[in-house]
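The values are calculated or read from the model by the stated rules, or taken from the named source; none is laboratory data. Values in this document were obtained by computation on a predicted structure and should not be read as measured data. Cβ sites come from the backbone with ideal geometry, for glycine too, and all protein chains shown count toward neighbours.
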Amino acid sequence: MRDHQDPEVIRRLLRTPGRWAVVGLSTNRARAAHGVAAVLQRDLGMSIVPVHPSAPTVHGAAGFARLADVPGPVDVVDVFVNSTRAGAVVDDAIAIGARAVWLQLGVVDHAAAERAISAGLDVVMDTCPVIEARRLH
């Protein structure tokens with residue numbers, strides 16, 4: 001079983017400017033997604049798209065209720081949901097043609113990761129882009 005933490009994939013995703021749909025991002029500043037999205041946007045130069053049922057605007061970016069509602073291409077789907085819900089988000093990422101899925105620290109679904117890889121997506125699982133970005137510097 002792969003660990004889905006390939007240093008080359010991580011480096012490429014974090015160093016290539018892109019559009020990250022952050023699933024589970026809300027205006028709740030206490031949630032990890034809020035801080036991670038800020039770092040992606042401010043420090044790593046990524047464009048962020050909040051995806052949350054209430055479709056909030058976060059960090060100046062308009063939100064959408066579902067991945068399927070996001071207009072235009074998405075490079076990375078950053079998954080901030082419980083592992084039991086991650087598979088459905090990964091399937092949605094495949095359906096919209098995302099290039100990669102990043103399952104956050106503690107979010108593990110090996111079957112979903114394999115489906116994404118089979119569909120041609122890059123996969124990072126069970127780590128955080130902020131932690132990985134610090135390792136790159």
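Details
- Filtered residues of the stretch 55-83 (kept if farther than 25 Å from residue 108 by Cα, among the β-branched types (Val, Ile, Thr) and surrounded by 14 or more Cβ atoms within 10 Å (Cβ to Cβ)): 58
- Candidate set: the stretch 118-131, residues that are free of Cβ contacts under 8 Å to residues at least 60 places away in the same chain and among the hydrophobic types (A, V, I, L, M, F, W, C); chosen: the one surrounded by the fewest Cβ atoms within 10 Å (Cβ to Cβ): 131
- Residues of the stretch 1-48 that are out of contact with any strand residue (DSSP E or B) (no Cβ under 9 Å at 6 or more places or on another chain), touching a residue at least 24 places away in the same chain (Cβ under 8 Å) and in a helix (DSSP H, G or I): 11, 14, 15, 32, 35, 39.
- Scanning the stretch 95-106 for residues being crowded, with 22+ Cβ neighbours inside 10 Å and either hydroxyl-bearing (Ser, Thr, Tyr) or free of Cβ contacts under 8 Å to residues at least 40 places away in the same chain (or both) gives a total of 1.
- Residue match in the stretch 93-111 (condition: among the β-branched types (Val, Ile, Thr) and farther than 17 Å from residue 5 by Cα): yes
- Set 88, 95, 65, 55: member being at pLDDT below 95, farther than 16 Å from residue 126 by Cβ and more than 13 Å from the chain's Cα centre (by Cα): 55
- Any chance residue 77 is within 29 Å of residue 137 (Cα to Cα) and either modelled with pLDDT under 95 or β-branched (Val, Ile, Thr) (or both): yes
- Check on residue 116, among the aliphatic types (A, V, I, L, M) and over 19 Å from residue 51 (Cβ atoms): no
- Some residue of the stretch 85-94 being within 10 Å of residue 23 (Cα to Cα), of a type in the set (Gly, Ala, Ser) and surrounded by fewer than 22 Cβ atoms within 10 Å (Cβ to Cβ): no
- Flag for residue 135 being modelled with pLDDT under 95 and out of contact with any strand residue (DSSP E or B) (no Cβ under 9 Å at 6 or more places or on another chain): yes
- Residue list for the stretch 17-30, restricted to those being surrounded by 14 or more Cβ atoms within 10 Å (Cβ to Cβ) and either within 20 Å of residue 93 (Cβ to Cβ) or under 11 Å from the mean Cα position of the chain (by Cα) (or both): 18, 19, 20, 21, 22, 23, 24, 25, 26
- A single entry from 63, 45, 106 fulfils the requirement of being touching a Pro at 6+ places or on another chain (Cβ under 6 Å) and at positive phi: 45.
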